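Q: One structure coming up, written as structure tokens, with questions to follow.
Each value in this text was obtained by applying a stated rule to the coordinates, not by laboratory testing. All figures in this text were calculated on a predicted structure; none of them were measured in a lab. Here Cβ is always computed from backbone atoms with ideal geometry, including for glycine, and neighbour counts include all displayed protein chains.
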Amino acid sequence: MQGCRPQLMRDPLAASIPVEIAQIAAGELSLDARVRRYIHDRLSYRWVGTADGASAYALEAQICRGALAAGLPLLNPRGAAI
């Protein structure tokens, strides 16, 4: 999609973004660490151990088709109307 880009400014800490961009450019701040902190603070997730990769992919496919009582995942729901 032409002209599509992440909307970083939706962050409630948007005023600090110019400072953080400069810190990232200078190697003083890790963008990965900031993303990790954002995920930990604001999102929830679950994981399940499987016997092998094929089992994991099969389980993922079922979940993405809405097999869980919770419905389709919010991120990357395959088969969902876009």
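Q: Using R₀ = 30 Å, calculate the FRET efficiency as 1/(1 + (r/R₀)^6) where r is the Cβ-Cβ separation of ALA54 and ASN76; round to 0.05.
A: 0.95
Q: Can you order the peptides 42-53, 25-36, 57-68 by their average number of other Cβ atoms within 10 Å per residue, highest first?
A: 57-68, 25-36, 42-53
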